Amino acid sequence: MRNKIFFKQLNYRGFTLIELMVVIVILGILAGLIIPRIMGRPEEAKQLKAKMQIESLETALKLYKLDSGMYPDTEQGLQALIEQPETGIVPKNWRKQGYLEKGRLPKDPWGNEFVYLSPGVHGDYDIISYGADGVPDGEDKNRDINSWEIE
């Protein structure tokens, strides 16, 4: 008797074939609309990633300045965020674990190093990614991503 009740309850818990087909059709329609939009814009995604990386570097630079009272100079570069500088003005309150979470400098989405200038032409510092071609002043996918242009 107990087994009959258990099996009756199981019969009411599943999905029908029609319900599964409706869900599959809806997922297929969504995939058909979304995937071409994502796949057609890889360069825009890389440019957005470069902007986010620059903002992350800017945050680390601000923390560096809070501890040392200044930004690293051009010679010390962004390397000062992961290793205590040995040239120029050496900060006394440098964090032993560094200022970047992973303990390494990121490369831009195209595999190039970020360019760092301090003092910068456009502010206390400038951070630049030269885009896909890796050289200054490109257009479209080769467009430079500059810290002073990020909102």
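Every number in this text was worked out from the coordinates using simple rules, so none of it is lab data. Nothing here was measured: the structure is a model prediction, and the numbers come from that model. Positions of Cβ are backbone-derived with ideal geometry, glycine not excepted, and every protein chain shown enters the neighbour counts.
Subtracting the Cα-Cα distance from 0.36 nm times the residue separation, let me have the gained length for Thr74 to Val22 in nm, one decimal.
Extra length available between Thr74 and Val22 comes to 12.7 nm.
Among Leu61, Met21, Ser147, whose Cα sits farthest toward the positive end of the charge dipole of the chain (+1 at Cβ of Lys/Arg, -1 at Cβ of Asp/Glu, about the Cα centre)?
Final value for the positive-end residue is Met21.
Please identify the helices of the chain, taking whole runs of DSSP H, that span at least 18 Å along their own axis as judged from the Cα atoms and have a mean Kyte-Doolittle score of 1.0 or higher.
Membrane-span-like by this rule: 17-39.
If you place +1 on the Cβ of every Lys and Arg, -1 on the Cβ of every Asp and Glu, and leave all else neutral, what size is the dipole of the chain about its Cα centre, to the nearest 20 Debye?
With Lys and Arg at +1 and Asp and Glu at -1, about 1720 debye.
Starting from the Cα of Thr87, step 7 Å toward the Cβ, then list every residue of region 93-134 with an amide N under 15 Å from that point.
Output list for this probe position: 116-119.
Per residue, what volume in Å³ does the convex hull of the Cα atoms of the chain enclose?
205
If the cut-off is a Cα-Cα distance under 15 Å, which aspartates and glutamates reach Lys96, setting aside same-chain residues fewer than 8 apart in sequence?
Leaving aside aspartates and glutamates fewer than 8 places away in the same chain, those within reach of Lys96 are Asp67, Glu83, Glu86.
Testing the spin-label approximation: label points 7 Å from Cα along Cα→Cβ at Lys65 and Glu151. State their distance in nm.
2.2
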